[in-house]
Amino acid sequence: MSKSVGRNAGVLTIVMLGILIVGQGHSSLYATAITVGLYALLGVPLGLIYGCGGVLSLAQAAFAAIGGYASALLFSHYHLPPEATLLPAIIVPALFAYVVSRPILRLPEMSMALATLALGLLVEVVFSSSGGLTGGYEGVTGLPPIPIVGNSRVGVLLLVWSAVIICVYCYDAFRTSARGRALIAIHVDRLLAESVGIPVARELSLLFAITAGISGFVGWLYAHYLGYIGPGSLNVHLSANLLFMVVVGGRKYSLGPVLGAAFFVFAGDWLPGSAQAHGMVFGALIVLVLLLVPEGLLSLVQSRFRWKRVASRPIPQSSQLSPEQSL
Amino acid sequence: MKIAARDLAVRFGGITALDGVDFELNRGEIVGLIGPNGAGKTTLFNCITGVVAPNAGSVVVDGADISNHRFDLRVHLGISRTFQTPRVNAHGTVLEAVMLGFNPIVKKPLFGSFFGSRSVRKAEADMESRAHNLISELGITTDPTKRAGDLSLGALRLVEVARALAAGPHYLLLDEPAAGIDENDQGVLANVIRKAAKDGIGVLIVEHNVPFVADLCGRLIALVQGRIAASGEPSGVLSDPHFVRAYLGDSNAG
Ligand SMILES: Nc1ncnc2c1ncn2[C@@H]1O[C@H](COP(=O)(O)OP(=O)(O)OP(=O)(O)O)[C@@H](O)[C@H]1O
Ligand SMILES: [Mg+2]
């Protein structure tokens, strides 16, 4: 079990090196890979809380926006450099998520999605309508570049992808730890989780806050990579797309969201036609993937290599009870 | 050192599930809880473990009033339980199902869990070997790497007992552990329960299999319609006319 923990992170490291080499000839590949990396960095933590923990969040982009704005506003109002705003950009959305999580995470999956959606919309409205404080619809421009790597695309690529690789490693390590089993137990059956002493609400809030903190980091990267952040940059639309990426790539695998992000970005680049037609083709593509491989694209690869031995007998009735049924 | 419940009352809408129940379970003793369907046996379990908040009454464990403690906190005070209908992650392995039981006693540092620290990996290996021991102690012969969802009901019950024992409880509450398991496994189960009691664990067993509990328990409590109809030595309880009439029907009352 523990030997394979680093495997996925290793695969991703090789992919990153491959991109670095191939991209030397085609510099646009670097820009694309950075976008994929940023999406993956939002998607992998979401994959953990959704795929393992059943927390369906449509607020991840909003947390990123909070992080990005925290940094942008500290710069524009107090002239703090990005080095100094990194920590606030992570901690502010994490704290915010922790505070709002208790009532939200108690809800069933669908209501949770709606509640986090509302949260995302709220954050968007606050940023766009706060006038002079946040720059309103125009947002904040002229932000300094990311420290150390500066404006070097290779540098940003390395930074973003290293972060993704670390996230994937942490996902795999966590998943095979006692805490990871606890998270899966919470998802399967909260009463079962409580019966072995897992403080369900606290555990979910904590993990939710951690994903928000990572999202905040992505917002910080985004703002200083582009030198700009506005209310439309990291919006609810992106939150929904992130969920697509996680599900299409494979929500039960650490690499699923990474594959989903790549699929999303490359399909967007290669599909012909207008933006509108684009959206329709894309929607159809997602439906097709979900119908043909409900566990996500990565399940095609995984099933070939790993799950061959697992019997596919249906689960007996006794073990899939709803919490209400006979305790 | 004991669990003492005083004057417990539970109502679900119009139904009175428990009605003024006093109850004690000492460490090291085996007590059987019997009674017809709907008598309130599982509800009593739920009150003691904190799944259901009683409308009245208190639960005291080792001298501390835990009436307002949440379910997950009571496990940390040494109260482990199984469920009448086994609850497992059907997609996980048998080994993982048992390892889940170690949760209250294993350290789970947040950053160590994410970064796979040496102490976390060591604890993991340690738990794995102890889970293997528990599995063999309970005579679970299925391959531990098998999917828990593929097990028979009987095997699932034993997995639940193993999971409950993993936490190292002071009190073990088993809800119909022998239902649906074959005689050979019942024998293994009885031995495990006796050994647990000898190790100082207080065991409370809900069972419809009367010979099984009568043989195992030093004391029986008969619950009828949310009230204690009889309690004491098994032979006394089983011949108590009030209880016999309620449990076995009038024809056997003679
Ligand atoms: N969550 C609940 N909501 C409403 N009524 C309930 C609930 N749990 C139990 N009851 C009712 O309370 C009464 C006692 O139920 P309980 O499950 O405690 O009985 P039991 O003795 O365990 O029975 P069995 O032998 O069938 O398991 C029953 O009438 C049952 O319908
Ligand atoms: Mg019952």
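The values are calculated or read from the model by the stated rules, or taken from the named source; none is laboratory data. Worth saying up front: this structure is predicted, and the values here are computed from it rather than measured. A quick note on method: Cβ atoms are made from the backbone with ideal geometry, for glycine too, and the neighbour counts reach across all protein chains shown. Calculation scope for accessible area: heavy atoms of the full protein, side chains included, ligands and nucleic acids excluded. Shrake-Rupley method; radii C 1.70, N 1.55, O 1.52, S 1.80 Å.
Selection over the range B:107-151 of residues that are touching a residue at least 24 places away in the same chain (Cβ under 8 Å), facing chain A (nearest Cβ under 10 Å) and within 30 Å of residue B:202 (Cβ to Cβ) gives a count of 4. Considering only residues in the range B:20-40 that are closer than 20 Å to residue B:236 by Cα and near ligand 1 (Cβ under 8 Å from one of its atoms), the one that is most open to solvent (accessible area, probe 1.4 Å) turns out to be B:36.
Every condition in (1) within 14 Å of chain A (Cβ to nearest Cβ); (2) surrounded by fewer than 23 Cβ atoms within 10 Å (Cβ to Cβ); (3) over 27 Å from residue B:242 (Cα atoms) holds for residue B:84 except the one numbered (3). The residues listed here are B:16, B:93, B:49; of these, the one that is within 24 Å of residue B:231 (Cβ to Cβ), within 14 Å of chain A (Cβ to nearest Cβ) and in contact (Cβ under 8 Å) with a residue 40 or more places away in the chain is B:49. The set of residues in the range B:110-138 being open to solvent by 30 Å² or more (accessible area, probe 1.4 Å) and in a loop (DSSP other than H, G, I, E, B) consists of B:117 alone. Out of all the residues in the range B:43-53, which are within 28 Å of residue B:236 (Cβ to Cβ) and either open to solvent by 30 Å² or more (accessible area, probe 1.4 Å) or not β-branched (Val, Ile, Thr) (or both)? Result: B:44, B:45, B:46, B:47. Residue count for the range B:147-194 satisfying the condition of being buried (at least 20 other Cβ atoms within 10 Å of the Cβ), part of a helix (DSSP H, G or I) and within 16 Å of ligand 2 (Cβ to nearest atom): 2.
Put simply, of A:182, A:163 the only residue that is touching an Asp or Glu at 6+ places or on another chain (Cβ under 8 Å), part of a helix (DSSP H, G or I) and of a type in the set (Gly, Ala, Ser) is A:182. No other residue among B:9, B:4, B:17 is within 16 Å of ligand 2 (Cβ to nearest atom), among the hydrophobic types (A, V, I, L, M, F, W, C), more than 21 Å from residue A:183 (Cβ to Cβ) and open to solvent by less than 40 Å² (accessible area, probe 1.4 Å) apart from B:17. For the range B:1-11, which residues satisfy the criterion of being within 16 Å of ligand 1 (Cβ to nearest atom) and either more than 14 Å from chain A (Cβ to nearest Cβ) or modelled with pLDDT under 95 (or both)? B:5, B:8, B:9, B:11, listed by residue number. Checked against the criterion of being surrounded by fewer than 22 Cβ atoms within 10 Å (Cβ to Cβ) and not hydroxyl-bearing (Ser, Thr, Tyr), the candidates A:188, A:218, A:160 yield just one match: A:188. Scanning the range B:9-52 for residues that are more than 18 Å from the chain's Cα centre (by Cα) and of a type in the set (A, V, I, L, M, F, W, C) yields B:9, B:10, B:12, B:15, B:17, B:18, B:21. For the residues A:101, A:28, the requirement of being in contact (Cβ under 8 Å) with a residue 40 or more places away in the chain and among the polar types (S, T, N, Q) singles out A:101. Being surrounded by fewer than 19 Cβ atoms within 10 Å (Cβ to Cβ), among the aliphatic types (A, V, I, L, M) and touching a helix residue (DSSP H, G or I) at 6+ places or on another chain (Cβ under 6 Å) is the requirement here; does residue B:222 meet it? Taking the combined requirement at face value, the residue does not satisfy it.
Among the residues of the range B:229-239, is any under 23 Å from residue B:74 (Cα atoms) and assigned to a helix (DSSP H, G or I)? Within the range B:229-239 (the criterion being under 23 Å from residue B:74 (Cα atoms) and assigned to a helix (DSSP H, G or I)), the answer is no, since none of the residues qualifies.
Of all residues in the range B:36-62, those satisfying the criterion of being small (Gly, Ala, Ser) and either near ligand 2 (Cβ under 9 Å from one of its atoms) or not assigned by TED's automatic domain parsing to the domain that holds residue B:238 (or both) are B:38, B:39, B:40.
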